[in-house]
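These notes are about the structure you will find just below.
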Amino acid sequence: MPLDLFAAAPAGGLDNFLQYCVQGLLFGALFALIALGYTMVYGIIELINFAHGDLFMLGTFMGLTVLSALGISVSTAAAANTGLTVLAVFLMLLIVPTFCAGLNWSVDRVIYKPLRNAPRLAPLVSAIGVSFVFMNFGLFWNGAIYEDDRPVPAASPRAFPDLVPLRNLLPEDAGMRFTTKDVMVVAITLPIMIALTLFVKRTSLGKAMRATAQHPTAARLMGINVDRVIGATFLIGGALGGVGSVMYALYINTTSYQAGFQMGLYAFTAAVLGGIGNIPGAVLGGLVIGLVRSLGSVYVGETWNSALIFAILILILVFRPSGLLGARTREKV
Amino acid sequence: MKTILQRVPWLWMMFVLAVAYPILPGLDKEVFEITGQPVGRVIATIFISAILALGLNVVVGNAGLLHLGIGAFFGFGAYLTGIIMVREYPFQREIAPVAAFFLCVAVSTIGSALLAVILSGPVLRLRGDYFALVTLGFGEVVRFTLRNLEEVTAGTKGLKPIPSPWTMDVDFAWNYRGYYFLTLTFLTIVILLLRNLERSAIGRAWVALREDELAAASMGLNVARLKLGAIALGAGLAGLAGCLFAYVLRNTSDPDQYGFNISIMTLCCLILGGVGNRTGVIVGVVLVFGFDNLLSPIMDSYLQRQLFAVADPAGDVRVFGGRIGNTGSPYLNFSGWRLAVFGLALIFVMRFRPSGLIPARRGSTKES
Amino acid sequence: MNSMRSIRRPLAVSGFILVAVCLTIGCNRGGERRSRGATTETSGKTDTPVATKPIQPTPSGGDPKVIKICSSLPRTGSAKAQTDAIVNGIRMAFDEAGNKVGDFTIKYEDLDDATAADGKWTAERETANANKAMQDPDAMVYIGPYNSGAAAVSMPILNEGRLLMISPACTGVGLTKKGGEPGEPQKYRPTGTLNFTRVVPADDIQGPVGAEFAKSIGVKTIYILDDNEVYGKGLANLFREVAEELGMKVVGKQESIDYKQSDFRTLMARIKNEHKPDAIYFGGTSQTGAGQIAKDMVAEGLGETTLIVPDGCFEAAFIQAAGANIFKTLKCYVTFGGLPPEKLDGKGKEFVDRYKAKFKTMPEGYAVYGYEAGLIAIEAIKRANKKDRVAITDACLAIRDFDKGALGKWSFDANGDTTASTLSVMKVENGDFAFVKLFSRQK
């Protein structure tokens, strides 16, 4: 029997290439939102915040709870009128990022802060611990409304109300689809990224952040309140993750207590790919990974997706050891 | 300066306990009566985990490289053993089980080490966390390759069954002592080997590398070679652990067993116990894997008995008249809380003993 | 330079020693073995029997009046709703017998073969459970496991003591008969004797029935997906074979998904663009992405394509994961190796009523199989009437025309399979499974 490694041979040709690219980039934008949380925290305190993916997961459950509070369930979502839909999305975008930011900030305060001068691996393992605790929360968190009397799934993936109606905005024979959901992702993600860039470039807190990232001690000597800056970083990173949760939940319409693992892994990869600590890098990394994921699925095969992403990551790092946009810095001596 | 924990001869105590456990007649049986768990068998898997963790310790503790993909080499070793031992492949037909076992040990160890050298060679120049991510990437690539190359690895089915290494006199499947002593012997050999290695020129070179790469390089040490040596040795030990694991489990399990999770858990053992300190690492392994494989199932069956004693026929559990849940609900059994308990333990240990429970005596692993 | 040499020497020496030791032992023992005859020289292709091991005696000790029955099911993770129902069924069977069989008191222990971190069964836990049961002098019956892959792990271990296994859910073909991988099922039976039985029909019935059903609703082109797991992939393969036999066009290559991915949008877009099949068959379970596949089909405009899934999706969790609304657009059929709870009649209906009264919820699809497995365990112990693993296993395998349970009258065949072969097809409607059609298939 010949070794049939790649289940799906490149069959489709380039007919729908554009559609797959758009799909990949849209999902990449979600990766980017989460990757920003990794990269900002890393840039400032050199901590790989393993709990960030699970923070994102808790965000999706918070979103589910918000919807339930508004009385929206999976079966009533489609019937919700436009006003309620807009209100629900708005409330989610308000509450979930606040929740994630607050949680991220408190975790930093309580758990990572006392370890600032500890050996480098100590906060890393603490972050792993936090990630386990978060995952356990997610396991217990129900969030959704179930109308029937069947047992509520304890750990299985659960549907997220399909709040944003799915409508193809292009004609069916256009060779690609672009739906209202896709518009939503672009309309919310893009402004946020622009705002973040402006914030880091223009505001004094943003400058303080960059200064702290470059040299904490020097920043402290210049009168920057480093602790405040770190706190702000966790807040912003958490909030971005929260926006990511809302987008993900509305786009994919599923969540589960394990959702944070895979997304977190990809987002972390995106952050490193772009050059960890580098904000535009994280966005670029996210988009690249989204693209690879989508095109890989089409031209290599669904089962090789993850392997392909990591293989490409390794290849890129071999040739650009500091990531795509990372500065080629020498190790501080 | 030694702390009290560092003064206790943990390694010797554990060794004596480990040897005494199967020798004392009827002890395992008594323990089974009390705990309801096949403790002797579980301890054998803990020995294997200890070999894996000691392998990782060479990379992380001795050479100071953060490695997040040790699971891949663990799995690679297990699969090499599987390929040699299952009947679908022609390799073991002519060889007696004992010889086949040693062949597996050799092939798994050397094979994993070679794989590590081939994979890590090109990325040695990456610094710190980039290297960590690349190792994570290798872990995933290897796992998916094992998963997808169905013609070779049987995909998610895993290769099975793997016969026991002895044929007649001692049947390992029947008596836990066989695997127990086998794994204990290997663990002891590994510990002695690493002890000698640490005191040798390479061991000292690794310390220099870990403390200051630049200084080490300027002293004329070949940094790349030292790193590669550590990675190869670590992966080789992981492969050895994988080989033993496949034997004890009697199959290669499925590739997901060797994913990111096991790499992270092993890293947790290291840091919990004390990076760079063999005794600490083993204490960490005993705590982490003991918690996962012994304490947790014991607690589960204990809680189950307690719950069913108080539950009503529909399975609702009431405390002082208030319904607190159903016997089936995840928060009324221990495994539902396992992640949180483990996570909190990690957080607390790091908070109060950031260098691990039994920190390495020599120098510090702090980076500037 | 010095350091290089110091690396090389110990490595080289230890490597050399290892190789030398292996070679010496290998040559010596190998020669010995060859001269002794070729008893173990078997390959997977020819099914010459393996040298069989003697059966391990039950460990001594324990309480002579207590018989322990363990079940090993994935109790944490996403299969939980289904295994809860199975455990409820098992408990019901024992409770109704007063937890007594003859003079023996039944003790039941519900073991978990999954971990929260993995969210599904692991070979390590399943092995530990099997070892635990083997070592327990009171353990006489092992109900489970739930996943066919897990059965392949625990069977060789439990077989050595001929500890009776009764699976309420494993449908993998190779566990009991030829038709799976080469070497099956002998390789799971080191003692050469049987100890595995199941109360559900195997996939060699379910896969074909799925294909027949697809044909009967007028499907002409079909795309086949699987979850790359033992159960799902095996079933998808069987489905494909029969689908091709029946003259349906299987489009594209059968493809496995990586179910840990968050979505399959691109895959669905590709299927739509390249094939636009009448139906998609997904060999997988609600834990391995079935819900997400349903959702993504609709999201990518494959709403008119029918989705056919096997009994691994016959649980509320599937509908809950996909969201009931999806099935207003998408037609989705589920094959199930038996009758849905609401279609059971006679004793089956009584069971459903009692279950509802006791647990205040409708039983999931497999609850009745848990119940049946529990009853079979009791029956086997009753027939053997002694606390002896081999006697109980033999008694169980000899059960014919069993009609005390909820599934009507059925027997164990020579492989330990049930002779019941009634399958049903359900449609997902209004957030529930609606019965569509009954299939009876003779083997």
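The values are calculated or read from the model by the stated rules, or taken from the named source; none is laboratory data. Note that this is a predicted model, so its numbers are computed, not measured. Reconstructed Cβ throughout: ideal geometry from the backbone, glycine too, with neighbour counts over all protein chains shown.
The single residue among A:G285, A:G277, A:G281 that is buried (at least 24 other Cβ atoms within 10 Å of the Cβ), out of contact with any Lys or Arg (no Cβ under 6 Å at 6 or more places or on another chain) and closer than 30 Å to A:R167 by Cα turns out to be A:G285.
So, of the residues in segment B:114-126 that are more than 9 Å from every other protein chain (Cβ to nearest Cβ) and surrounded by 15 or more Cβ atoms within 10 Å (Cβ to Cβ), which turns out to be farthest from B:L244 (Cα to Cα)? Talk me through it step by step, then tell me what you get.
Taking segment B:114-126 as the starting set, the residues that turn out to be more than 9 Å from every other protein chain (Cβ to nearest Cβ) are B:114-118, B:120-121, B:124.
Subset that is surrounded by 15 or more Cβ atoms within 10 Å (Cβ to Cβ): B:114-117, B:120, B:124.
Numbers: B:L114: 18, B:L115: 18, B:A116: 19, B:V117: 22, B:S120: 24, B:L124: 29 Å.
So the residue we want is B:L124.
The residue that is farthest from the other protein chains (Cβ to nearest Cβ), counting only those in segment B:129-148 that are touching a Pro at 6+ places or on another chain (Cβ under 8 Å) and over 22 Å from A:I45 (Cβ atoms), is B:L146.
For segment B:26-48, does any single residue satisfy the condition of being surrounded by 24 or more Cβ atoms within 10 Å (Cβ to Cβ), part of a loop (DSSP other than H, G, I, E, B) and touching a Gly at 6+ places or on another chain (Cβ under 9 Å)? The answer is no; no qualifying residue exists.
Only one of the listed residues (A:D108, A:D182) is closer than 30 Å to C:A322 by Cα, acidic (D, E) and either within 13 Å of chain B (Cβ to nearest Cβ) or crowded, with 17+ Cβ neighbours inside 10 Å (or both). That residue is A:D182.
Please tell me if B:L68 is more than 8 Å from chain C (Cβ to nearest Cβ), within 30 Å of A:G275 (Cβ to Cβ) and at pLDDT 90 or above. Working first, answer last.
Details: more than 8 Å from chain C (Cβ to nearest Cβ): yes; within 30 Å of A:G275 (Cβ to Cβ): yes; at pLDDT 90 or above: yes.
Judged against the criteria, B:L68 is a match.
Of all residues in segment C:192-211, those that are basic (K, R) have Cβ atoms under 9 Å from Cβ atoms of residues that are in a helix (DSSP H, G or I) and crowded, with 24+ Cβ neighbours inside 10 Å, 6 or more apart or on another chain, in C:R198/C:A151; C:R198/C:L175; C:R198/C:Y369; C:R198/C:A373. Name every residue in segment B:336-350 that is facing another protein chain (nearest Cβ under 7 Å) and modelled with pLDDT of 90 or more, in order of residue number. The answer is B:A340, B:F342, B:G343, B:L344, B:L346, B:I347, B:M350.
Does A:A101 fit the bill of being closer than 19 Å to A:G59 by Cβ, within 23 Å of the chain's Cα centre (by Cα) and not hydroxyl-bearing (S, T, Y)? Outline the logic, then answer.
Details: closer than 19 Å to A:G59 by Cβ: yes; within 23 Å of the chain's Cα centre (by Cα): yes; not hydroxyl-bearing (S, T, Y): yes.
Yes; evaluated as a whole, the condition is true for this residue.
In the list B:V288, B:V283, B:V223, B:V248, which residue meets the criterion of being more than 22 Å from B:I84 (Cβ to Cβ), touching a residue at least 12 places away in the same chain (Cβ under 8 Å) and in contact with a Phe, Trp or Tyr (Cβ under 7 Å, 6 or more places away or on another chain)?
Values: B:V288 fails: in contact with a Phe, Trp or Tyr (Cβ under 7 Å, 6 or more places away or on another chain); B:V223 fails: in contact with a Phe, Trp or Tyr (Cβ under 7 Å, 6 or more places away or on another chain); B:V248 fails: more than 22 Å from B:I84 (Cβ to Cβ).
Of the residues listed, the single one that is more than 22 Å from B:I84 (Cβ to Cβ), touching a residue at least 12 places away in the same chain (Cβ under 8 Å) and in contact with a Phe, Trp or Tyr (Cβ under 7 Å, 6 or more places away or on another chain) is B:V283.
Answer with yes or no whether A:I309 is more than 16 Å from A:M193 (Cβ to Cβ), in contact with a Gly (Cβ under 8 Å, 6 or more places away or on another chain) and modelled with pLDDT under 90. No; evaluated as a whole, the condition is false for this residue.
Each residue in segment A:234-262 was checked for being closer than 23 Å to B:N261 by Cα and in a loop (DSSP other than H, G, I, E, B), and 3 of them qualify.
Tell me, please, whether a residue that is assigned to a helix (DSSP H, G or I), in contact with a Gly (Cβ under 7 Å, 6 or more places away or on another chain) and at pLDDT 85 or above can be found in segment B:155-171. No, because not a single residue in segment B:155-171 is assigned to a helix (DSSP H, G or I), in contact with a Gly (Cβ under 7 Å, 6 or more places away or on another chain) and at pLDDT 85 or above. Is one or more of the residues making up segment C:84-97 without any contact (Cβ under 8 Å) to a residue 60 or more places away in the chain and of a type in the set (S, T, N, Q)? So far as segment C:84-97 goes, no, none of its residues is without any contact (Cβ under 8 Å) to a residue 60 or more places away in the chain and of a type in the set (S, T, N, Q). Checking the structure you have, find out if any residue of segment B:184-207 is within 24 Å of the chain's Cα centre (by Cα), closer than 30 Å to B:K29 by Cβ and not hydrophobic (A, V, I, L, M, F, W, C). Taking every residue of segment B:184-207 in turn, at least one turns out to be within 24 Å of the chain's Cα centre (by Cα), closer than 30 Å to B:K29 by Cβ and not hydrophobic (A, V, I, L, M, F, W, C).
Of all the criteria given as (1) more than 14 Å from chain A (Cβ to nearest Cβ); (2) under 30 Å from C:K360 (Cβ atoms), the one not satisfied by B:N333 is (1).
Entry remark, segment C:304-346: residues being of a type outside the set (D, E, K, R), closer than 21 Å to C:T221 by Cβ and part of a loop (DSSP other than H, G, I, E, B) number 3 in total. Looking at this structure, is A:V318 closer than 23 Å to B:G155 by Cβ, among the hydrophobic types (A, V, I, L, M, F, W, C), surrounded by fewer than 23 Cβ atoms within 10 Å (Cβ to Cβ) and within 13 Å of chain B (Cβ to nearest Cβ)? So A:V318 does not fit the description; no.
Restricting attention to segment C:115-143 and to residues that are in contact with a Cys (Cβ under 8 Å, 6 or more places away or on another chain) and not basic (K, R), the residue that is farthest from C:A85 (Cα to Cα) turns out to be C:D136.
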